[in-house]
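The structure appears right after this line, and notes come after that.
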Amino acid sequence: MKIIGYIHTDFSTKFGIPRQSGLVKELKATITFEPEYRTPEAFRGLEEFSHIWLLWKFSKSEKEHWSATVKPPRLGGKKRVGVFATRSPYRPNDIGLSCVKLENIVFNEKKGPVLYVAGADLLDGTPIYDIKPYIAYADAHPEASEGFAGEVKNKELTVYFPEKLLECYSQEKRAAIIGVLKQDPRPAYDTDETRVYGVEFAGYDVRFTVTGEKLTVKELVKLNKTIDR
């Protein structure tokens, strides 16, 4: 498997990344390619598609052996199900799959074709193995059953983000971080209302607490590390 490129997002750590692609449409990302794959001809016609599939590498899932069963956080971290019935990163081959919206393709003199996408659920710097167009008539199955995933539908939290803190972000980033927090980044089994959590997003550690169905942002701590765009 050859790595063809890398995605660049606002997430410097795994905590807080949406559990599925497309849940937070405001999340923007770019994809750049290795020199071998920067030829414009390889992207001819891709601009006609509104969405694309990304096949990528779980680059931060460190494991020596795979496990036949896993404990999905959305099931409280207690119930085991088969690894092939989940999208867990701890699998025989560290391959991920995401569907994102393709917003633009810009041909950069230095970087070659750069894809601008929305709704990505990937860590910054994640290696990309392949890109394929999303084809609605073949890929969409509205009647599909969802297994245990249907039992844990996403419910959004109410987010209180003080305006003074929110001003640290651009207008575009504000909508994205609020969308991320609404999804409740915590594992389902972690309901400690006294604990302060932190999501590293776009240069800041966003620290918050959750009481009932309300999430309150307490402070923003600027990170020393920066994400290169």
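The values are calculated or read from the model by the stated rules, or taken from the named source; none is laboratory data. None of the values given here were measured: they were computed from a predicted structure. We place every Cβ from the backbone using ideal geometry, glycine too, and count neighbours over all the protein chains shown. Heavy atoms of the whole protein, side chains included, go into the accessibility calculation; ligands, DNA and RNA do not. Shrake-Rupley method; radii C 1.70, N 1.55, O 1.52, S 1.80 Å.
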| task | Work through the residues other than Phe208 whose Cβ is under 14 Å from its Cβ and net out their charges, Lys, Arg +1 and Asp, Glu -1. | result | -2
| field | Label-reachable residues, the stretch 83-115, where backbone N falls under 17 Å from a point 7 Å from Asp139's Cα toward its Cβ | value | 96-105, 115
| request: In nm, give the distance between the simple-model label positions of Lys222 and Ile95, each being 7 Å from the Cα along the Cα-to-Cβ direction. | output: 4.4 nm
| field | Computed accessible area, Thr194, all protein chains, 1.4 angstrom probe, square angstrom | value | 120 Å²
| task | Determine the gain in length on full extension of the stretch Ile3-Leu46; use 0.36 nm per residue of separation and subtract their C-alpha separation, reporting nm with one decimal. | result | 13.6 nm
| request: Enter the accessible area per residue of the chain (Å², integer; probe 1.4 Å; all protein chains in place). | output: 59 Å²
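Take the solvent-accessible surface of the protein heavy atoms, probe 1.4 Å, and return the percent of it on the stretch 162-229 that carbon and sulfur atoms account for.
Within the stretch 162-229, the accessible surface is 47 percent carbon and sulfur.
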| field | Cα centroid of the stretch 83-154 to Cα centroid of the stretch 1-54, whole Å | value | 8 Å
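Could you compute the FRET efficiency for Lys155 and Phe84, with r as their C-beta to C-beta distance and R0 at 22 Å, rounded to 0.05?
Efficiency computed from Cβ-Cβ geometry: 0.25.
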| Within a Gaussian network of the chain (alpha carbon springs, distance under 10 Å), most fluctuating of Arg80, Arg19, Arg174 | Arg80
| request: Between Val114, Val100, Val81, find the one with the highest GNM mean-square fluctuation for the chain; connect C-alpha pairs within less than 10 Å. | output: Val81
| remark: The percentage of the accessible area of the stretch 17-65 (probe 1.4 Å, all protein chains present) made up of carbon and sulfur atoms, to the nearest whole number, is 50 percent
